[in-house]
Amino acid sequence: MFGQLGILKRRLGCARPAYQSHFCASCHLMAEFGGKPASLWMNYDLTFLSVLLSSLVGPGTARALPCTALPWRKVQVAPLPVRERQALAALNLALLAAKLEDDRQDEKGLTRRLAGAWVATYQKKVDAVLGESGFPLELIRALPERQLQAEKTATTLEELSAPTSEVIGAILAHLGEGRRIDELRALGEALGTFLYYLDAAQDFQQDARKKRFNALRHVWGPEWQETRAAALLHQALETLSDRLRRFEDLQPLGRLIGPLLDSLADRLPVHAGWIPSWRRAQAANCDCPSDCGGCDSCCGSGGDAACCGSGGDTGCCAHGHGCNACDCCCSSSGSGNSTVECCCWSADCCSSGSEVGTTTPTTAPMPLRCPGCRGTLKAQKAGKVEVDSCPFCAGIWLDKNELVVLSKMRSLPGWLLEPVPSAPDKDLVPEGERECPRCQMKLQTADSKGVRVDLCRGCEGLWLDRGELNRLLKS
């Protein structure tokens, strides 16, 4: 795998203590396997496998143990049987060795060779532990060669991703040890396919500069096709979501599925009009029609009351995900200041060390609403500027002076200058009736270099519809 399975802190919320205990468990099991140096090889993929395996064998009570890096500090460590801990550590090193070998074939760098040599010092123990459990170790070791052969003969993305998806499917099926083997294999195959596509998309430009093989470049040609890549990745993520949902009955995995999917979605290019299926499912208390998009489109300040039935500010969503604020979901009165059973996954909602039902929520900031279509804006980095873009109508919000900073940058990301098309059936709020997403004042229209823009006289922010930034910078 490719180290992509970390869950963002702001997505964890009340599930953070459970996830943190498995993160610490990953570090401890690596240290048990090969001493403190081996703990340097722990990663988010191993944490995900720890959560999955713990959910299959049955979660226990976390224990307070000394941190491997700071022994004077106590951390909560999720329990796993000794046999499972050894197997996960050995599996992690076997996967790492295969990854380093694949990187070495691509780059032939000194760093990769030295790292590979270090990991190879654990080979005998890895062989013994995995061999004892009957693990198909040769599948992992043959992965770099299989992938290299696929790159020479495959003509489709499905053929190129097949070696990775098959290996991860076999790994998860083996970890199940007779429990839900078919479901685990299907999950592993969907996970492998998604991670392979994501790795290819993220490395597209770098692979071109270093003249390395890239699956998307091989199949689609040398030009980066962001819209097409976004559609591919979101479809693969929906398939992964469907496979993960089959394990909602297991804990702690069930509580972490939504945060994991959202964290993966945050890494993808913007895809206009796409609303994740798990977000729609989380809007359980909304009376939203299927084409509404769930609470992301209708709840909170300025929401469309007709969409949610009785209105959107209180008791709106089952998990608070679309509205991202405790005053939306944590009490029937809409107040986020009392101690209640908090259901939000927003990290601002819960204290980091508390369990559900024992926290005192703090008021989390409401998400910014698109002045054009009233969807939820998504913050994205463009150099030193954090641009708030709308995935539904492709407009962008710039805070005070951000346009000046962007105009001085030598190059801008393609998604900013050439955003994906807006949904064809998306009706925009007429100019003159739009509200500032920051201070809710009416935006004033003005002409700037021949481009009609929306300005806020209060916070001096600027709203640009699709394509207007490109026209401003070129004029």
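The values are calculated or read from the model by the stated rules, or taken from the named source; none is laboratory data. Since the model is a prediction, treat every value here as computed from it, not as a measurement. So basically every Cβ, Gly included, is an ideal-geometry build from the backbone, and we count neighbours across all protein chains shown. Protein only, heavy atoms only, side chains kept; ligands, DNA and RNA dropped before computing areas. Shrake-Rupley method; radii C 1.70, N 1.55, O 1.52, S 1.80 Å.
Which value, in Å², gives the accessible area per residue of segment 173-267 when a 1.4 Å probe is used on the protein heavy atoms?
In whole numbers, segment 173-267 has 41 Å² accessible per residue.
So what's the gap between the Cα centers of segment 161-177 and segment 1-52, to the nearest angstrom?
A separation of 20 Å, based on Cα centres.
How much length would be gained if the chain were fully extended between F213 and S411, taking 0.36 nm per residue of separation minus their Cα-Cα distance, in nm to one decimal?
Computed gain between F213 and S411 is 68.8 nm.
Report the accessible area of T155, computed with a 1.4 Å probe over the heavy atoms of all protein chains in place, in Å² rounded to the nearest 10.
100 Å²
Find the relative contact order for segment 125-203 and round it to a whole percent, using C-alpha pairs within less than 8 Å whose residues are 6+ positions apart.
24 percent
Net charge around L232, counting only other residues with Cβ within less than 12 Å of its Cβ (Lys, Arg = +1; Asp, Glu = -1)?
Net charge around L232: -2.
If packing is taken as the mean number of other Cβ atoms within 10 Å per residue, what is the order of 377-388, 77-88, highest first?
Working: 377-388: 16.2, 77-88: 19.0.
Highest to lowest by the protection proxy: 77-88, 377-388.
Given the whole protein assembly as supplied and a 1.4 Å probe, what does the accessible area of T239 come to in Å², nearest 10?
60 Å²
Once each part is reduced to its C-alpha centroid, what is the distance from segment 191-215 to segment 371-400 in angstrom?
26 Å
Any chance you could look up the accessible area of E32 with a 1.4 Å probe, heavy atoms only, rounded to 10 Å²?
E32 has an accessible surface of roughly 90 Å² with all protein chains in place.
Arrange the peptides 61-73, 44-56, 455-467 so that the one whose residues have, on average, the most other Cβ atoms within 10 Å appears first.
Per-residue Cβ counts within 10 Å, averaged per peptide and sorted highest first, yield 44-56, 455-467, 61-73.
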